[in-house]
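**Student:** Please read through the structure below; I'll follow up with questions.
The values are calculated or read from the model by the stated rules, or taken from the named source; none is laboratory data. Keep in mind the model is a prediction, meaning the values are calculated, not measured. Virtual Cβ from ideal backbone geometry, glycine too; neighbours counted across all protein chains shown. Side chains are part of the model used for accessible areas, which takes the heavy atoms of the whole protein and leaves out ligands, DNA and RNA. Shrake-Rupley method; radii C 1.70, N 1.55, O 1.52, S 1.80 Å.
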Amino acid sequence: MFTFLRQVFCHLLWPEVCPLCGRMAVPVCPACLDALLPPPTPVCPRCGVPAPCPAHPDLPPLFFGTLHDGMPRRLLLDLKYRGQSSLGIPMGHALGRLVAACPSFPEGDLVPVQLHRGSPRSFNQAQLL
């Protein structure tokens with residue numbers, strides 16, 4: 001009962017609801033984000049087949065968070081184009097948890113795609129992530 005009352009009180013201060021589970025006072029739940037991110041699997045950066053690729057054995061594998069489709073796509077578009085900047089930090093934390101779960105990531109790089117000059121957005125989504 002106390003947890004529900006605390007959520008209602010927080011929702012009055014921060015009127016946000018997780019678009020996946022409906023939990024109040026959060027832009028999106030960490031558990032919901034983690035459920036959207038499959039375990040990192042290596043793919044060939046040239047042809048996209050699972051690594052190691054027989055056609056390109058000397059290329060280092062590429063890891064990605066998730067496909068740009070469905071709910072992950074909607075959340076990213078909400079962050080970038082619908083002014084829901086509060087999604088950035090939880091999405092960045094989920095990405096960090098995914099990177100930490102990737103066994104061979106420490107030798108790689110994480111590449112943020114910056115905002116282009118003259119963008120009408122009032123925030124930088126790559127910085128929030």
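**Student:** Out of Pro38, Pro52, Pro19, report the one residue that is part of a loop (DSSP other than H, G, I, E, B), more than 11 Å from the chain's Cα centre (by Cα) and within 16 Å of Gly92 (Cα to Cα).
**Tutor:** Pro38
**Student:** Working only within region 64-80, note down all residues that are open to solvent by 60 Å² or more (accessible area, probe 1.4 Å) and in contact (Cβ under 8 Å) with a residue 12 or more places away in the chain.
**Tutor:** Phe64, Arg74
**Student:** Considering only region 36-50, state which residues are over 17 Å from Ala100 (Cβ atoms) and either of a type in the set (A, V, I, L, M) or touching a residue at least 60 places away in the same chain (Cβ under 8 Å) (or both).
**Tutor:** Val43, Val49
**Student:** Within region 26-80, take every residue that is out of contact with any helix residue (DSSP H, G or I) (no Cβ under 9 Å at 6 or more places or on another chain) and of a type in the set (D, E, K, R) and give me the one that is farthest from His116 (Cα to Cα).
**Tutor:** The residue in question is Asp58.
**Student:** Out of the residues in region 86-113 that are modelled with pLDDT of 70 or more, open to solvent by 50 Å² or more (accessible area, probe 1.4 Å) and of a type outside the set (A, V, I, L, M, F, W, C), which is nearest to the chain's Cα centre (by Cα)?
**Tutor:** His93
**Student:** Follow-up. Identify, by number, the condition in (1) modelled with pLDDT of 85 or more; (2) open to solvent by less than 60 Å² (accessible area, probe 1.4 Å) that Cys47 doesn't meet.
**Tutor:** Cys47 satisfies every listed condition except (2).
**Student:** From the set of residues in region 55-67 that are under 17 Å from Ala35 (Cβ atoms) and modelled with pLDDT of 80 or more, which is nearest to the chain's Cα centre (by Cα)?
**Tutor:** Only one residue tops the list, namely Thr66.
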